[in-house]
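Scroll down for the structure; my scribbles are underneath it.
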Amino acid sequence: MSTVTVLTRTGRAEWGRIWSVRSSWAFVGAITVAVVGVGTLMGYDASGDPAGVPPGASAWDAGRQTAMFALFGITAMSVVTGAADDGTGGIVPTLQWTPRRGVLLAARAGVIAATASVLALVLVASASVVVWLFVPESGLPVRAGAEMLAGLGLVFGCGALLGVGLALVTRSTAAGLVSVLALMLVLPLLLAQLGYPWAVTVAAHLPGAGALFLVFGEGPSDDMTTTSARLTLAAWAVAALAGGGWRLLRTDANR
């Protein structure tokens, strides 16, 4: 059987595995409420004072404000779906069914990252549309929306791959979630608040700081640029996936 055939079959199995557990649906519901709910509140507040919309701003700019909620949600979802069968012991029959571990790695990372990223983009776009419905004056230009969603696609994709990688490294939902929370939220904020030059430098090189800069244009260090933030986020995603892939390929499922 060709590698492409096995990869396709494994990808379909991974897709089914994601949606066969209630936790995935719970994540979708929670992320939807958070992202679209925040968009609704922003639109409602702006509808009371349309003149308060900044010149040149559009509904997409408001929708962007919900991106971090989407990012945290899909990253956590990626960890949970990536480590789910390790916690239940289902990884053993999974590896028996797909003994080519490299194929399993590619299918799992690809399907989870694609699913989570598309979900986040759809929700951010929906939040933007909701804002526009409340404040039509803000406008919803297609080009601006395409540019924003393209940029956020990289952020969401890297966040999802980071979650999958940490799930494969830790083989534990709890440990994976703690790791993601630390790297994406706690450590960047804590180190930045310390104010020491070394702490700010370390914070700027964490994935959470890179994501924050790409979404809002601000970060813990004044030296951060769009390119450096993208490289930082991508490097963490690749490193986590490489570490998780090494453990999947080189160690037994119960170790």
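Across segment 101-110, rounded Karplus estimates of 3J(HN,Hα) from the backbone phi angles (6.51 cos²θ - 1.76 cosθ + 1.60, θ = phi - 60°) give 5, x, 5, 4, 4, 4, 5, 5, 5, x Hz, Gly and Pro being marked x.
With K and R counted +1 and D and E -1, the other residues having a Cβ less than 12 Å from that of Trp15 yield a net charge of +3.
The residues Ile31, Ile74, when put in order of fewest to most other Cβ atoms within 10 Å, stand as Ile31, Ile74.
Rounded to the nearest 10 degrees, the inclination of helix 67-88 to the longest alpha-carbon principal axis of the chain is 10 degrees.
Is it possible to state the helix-based mean residue ellipticity at 222 nm for the chain, with each DSSP H run of 4+ residues giving -39500 (n - 2.57), the sum divided by total residues, to the nearest 500 deg cm²/dmol? What is it?
-26500 deg cm²/dmol
Add +1 for every Lys or Arg and -1 for every Asp or Glu among the other residues with Cβ under 13 Å from the Cβ of Val111, and state the total. If you can, show how the numbers build up before the last one.
Working: positive: Arg9, Arg12, Arg17, Arg108; negative: Glu14.
Net of charged neighbours comes to +3.
Between Ala57 and Ala144, the contour length at 0.36 nm per residue exceeds the alpha carbon distance by 30.3 nm.
Ranked highest first by the average count of other Cβ atoms within 10 Å around their residues, in what order do 12-23, 151-162, 225-236, 122-133 fall? Don't skip to the end; give the middle numbers.
Numbers: 12-23: 14.5, 151-162: 23.9, 225-236: 16.8, 122-133: 22.4.
By packing density, highest mean first, the sequence is 151-162, 122-133, 225-236, 12-23.
Scaled to the globular estimate 2.2 N^0.38 Å, the Cα spread of the chain, given as radius of gyration, is 1.07.
Let me make sure I get this right: for segment 2-45, a, b and c are the square roots of the gyration tensor eigenvalues over alpha carbons, sorted descending. Under 1.5 in a/c it's rounded, otherwise prolate if a/b > b/c, else oblate. Which is it? All intermediate terms of the calculation are to be shown ahead of the outcome.
Details: a/c = 8.80, a/b = 2.88, b/c = 3.06.
Taking the square roots of the gyration eigenvalues as a ≥ b ≥ c, segment 2-45 is oblate.
Taken together, the values in this text are just the output of simple stated rules run on the coordinates, not laboratory data. Owing to the predicted nature of the structure, the values given are computational and were not obtained by experimental measurement. Counting neighbours? That spans all protein chains shown, and the Cβs are built from the backbone with ideal geometry, glycine included.
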